[in-house]
Amino acid sequence: MTGKILVLPGDGIGPEIVTEAEKVIQALIGRHGLKVEIEHGLIGGSAVDATGKPLPDETLEKARASNAVLLGAVGGPKWETIERTIRPERGLLAIRAGMGLYANLRPALLYDALAGASTLKPEVVADLDIMIVRELTGGIYFGEPRGIRNTANGHREGYNTLVYNETEIQRIAEMAFKVAQKRAGRVCSVDKANVLEATELWREVVTEVASGYPDVSLQHMYVDNAAMQLVRDPKQFDVIVTTNMFGDILSDLASMLTGSIGMLPSASINQSGQGLYEPIHGSAPDIAGQNKANPLATILSVAMLLRYSLNEETQARRVESAVQQVLTNGLRTADIYSKGTQIVSTAEMGDAVITALNEC
Ligand code: NAD
C-alpha cells in the first residue's frame, strides 16, 4: 500500500528541520523500499500571510485525505499582535480539532549519549523512558465560553472554561491503557480532583476504564505532586495520562529531564489511526534561518509516523537506530553540544542521519 504524507513546514525553524526530515523519508523511499507519496501545504503564520487564515481549507482537506501529517512548527513575533482568531497557534488547534486528533503521545526518552545534557543528576535520569498521553481536543483550551470582557464596574476580565465529558475521558484512558500494555504496564492518571469538578469526573471515569485492563496498574496523582515527582524521581513513571493543559505543561517539564527540547517527537492520533507528527518544540524564532536548529525531534517524529500511522515498524526502528548512531558518533547540534563532541549544523545533522540510515 502506498501511504500519503502531507508535509507542513510552518514558520521559524519549521522549514529547516522539515527539510531534513523529508530527506530521511526520501532516503527510505530510495534505499529501503518505503512506498509513500509526499504533498505540501501551508499552516501557521506563513498561511496567514498567503491566505489570511492560519489553517486554509485546502490544508485541512489534504490532511484529512492523508495517512499522516508531518508538521514543523508555527508562530513567531511577526504574528503575535494580529487578531487573536487568526494567530498561527489557532491553526494548530484547528487542525487537531479538524482531524479529530484526541490523543497526543509524547515520549521522554533519555539517550545514553546525552545523559550529561540533563540538568538532573545522571543517576536520577539514566534509562528514563516515560510516555505522556495528553488529551488534545478538549479541556480548557477549547471550552466555551471564553474571551475577555468588560465588567459592570468597568474592569476587564479574562475567562475560559474547563469542561470534559465522559466520552472524551474514556477514549483517552483507553489509549493510555493500550500504550501501557506494550510498555511496563503502569498508568499514572494526573488530575486536580480535589479542586476541579471536571477532573473529579476524570478520576472516576479513568478508574472505570481501568477495570477493563487488569494487566495494567493504575495510580492517581494530583498535578502539583506529579510536577514534583517528575523532578524528584522521574523513573517511577511509565505512562502518564492527563488533561490537555496539564499534559502541555508536564510534557515540557519531562522534555527537560532529557536535556533538550530539540530531541523529542510527538504523535497526535485520531480514531482511524491518522496522525499529526511534530517535534514538541516551537518555531524557535531566535535561531530561525541560521542552520543551527536540531532536526532530530522532527526526524524522530518521522519514526513515530511510520510506526503509528503507516504500520512500518521496521522502517521506524531504522530511523531511531540511525539517530542513536549519529549521537554515539559524537555529532551534536548547538543545543545538545557538550565538551568532547563535534558541533554540526542542521543540514549536516540530517546528512549524518542519512549516512547512518544507509549503513543500517
Ligand atoms: P520554542 O520551543 O520555539 O523555543 C524555546 C527555546 O528552545 C529557544 O531558545 C529555542 O531556540 C530553543 N529550541 C527550540 N527548538 C529547538 C531546536 N529544534 N533546536 C535547537 N534549539 C531549539 O518556544 P518559544 O520560544 O516559547 O516559542 C516560539 C514560538 O513558537 C512562539 O510563537 C510560540 O507560540 C510557538 N510555539 C509553537 C509550537 C508548535 O508549533 N507546536 C509549540 C510551542 C511554541
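Every number in this text was worked out from the coordinates using simple rules, so none of it is lab data. Every value quoted in this text rests on a predicted model; they were computed, and no experiment measured them. Positions of Cβ are backbone-derived with ideal geometry, glycine not excepted, and every protein chain shown enters the neighbour counts.
Tabulated values for the structure
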item: Packing rank of 122-130, 19-27, 154-162, where each peptide gets the mean count of other beta carbons within 10 Å, highest leading; result: 19-27, 122-130, 154-162
item: Only Lys, Arg (+1) and Asp, Glu (-1) charged, at Cβ; the stretch 27-147 dipole about Cα centre in debye; result: 140 debye
item: Viscosity 0.692 mPa s, temperature 37 °C, Stokes-Einstein D of the stretch 33-113 from Kirkwood C-alpha radius, µm²/s; result: 232 µm²/s
item: The stretch 302-310 - phi-based ³J(HN,Hα) in whole Hz, Karplus 6.51/-1.76/1.60, Gly and Pro as x; result: 4, 4, 5, 4, 4, 6, 8, 10, 10
item: Cα gyration tensor, the stretch 75-134 - rounded (a/c under 1.5), prolate or oblate; result: oblate
item: Under 5 Å, built H, 5+ apart or other chain: amide partners of Lys4; result: Glu37, Asn67, Ala68
item: Residues whose placed amide H lies under 5 Å from that of Gly143, excluding near-sequence neighbours; result: Thr161, Val163
item: Long-range HN-HN contacts of Gly259 with modeled amide H, under 5 Å; result: Thr119
item: Theoretical gain in end-to-end length, Glu83 to Lys35 [0.36 nm per residue, Cα-Cα removed]; result: 13.1 nm
item: Length released on extending from Ala152 to Gln181, taking residue separation times 0.36 nm less the Cα-Cα span; result: 5.1 nm
item: Charge tally in the Cβ shell below 15 Å around Asp286, where Lys, Arg are +1 and Asp, Glu are -1, Asp286 excluded; result: -2
item: Selected from Thr137, Leu105, Ala27, residue furthest toward positive end of dipole (the stretch 24-150; charges at beta carbon); result: Thr137
item: Whole-percent pair-distance distribution, where bins are 5 Å wide, for the alpha carbons of the stretch 119-258; result: 2, 10, 19, 20, 18, 12, 8, 5, 3, 2, 1, 0
item: Volume per residue that the Cα convex hull of the stretch 228-360 spans, once the total is divided by residue count, Å³; result: 140 Å³
item: Estimated dipole of the chain in Debye, rounded to 20 [Cβ of Lys and Arg +1, of Asp and Glu -1, Cα centre]; result: 200 debye
item: Potential lengthening between Met228 and Glu61 on full extension [0.36 nm per residue; Cα-Cα distance subtracted]; result: 55.9 nm
item: Taking the C-alpha atoms of the chain, convex hull volume expressed per residue in Å³; result: 147 Å³
item: Net charge of Cβ neighbours under 15 Å - reference Gly139; Lys, Arg +1; Asp, Glu -1; result: -2
item: Paramagnetic reach from Ala126 (point 7 Å along Cα→Cβ, amide N under 20 Å) across the stretch 251-278; result: 257-260
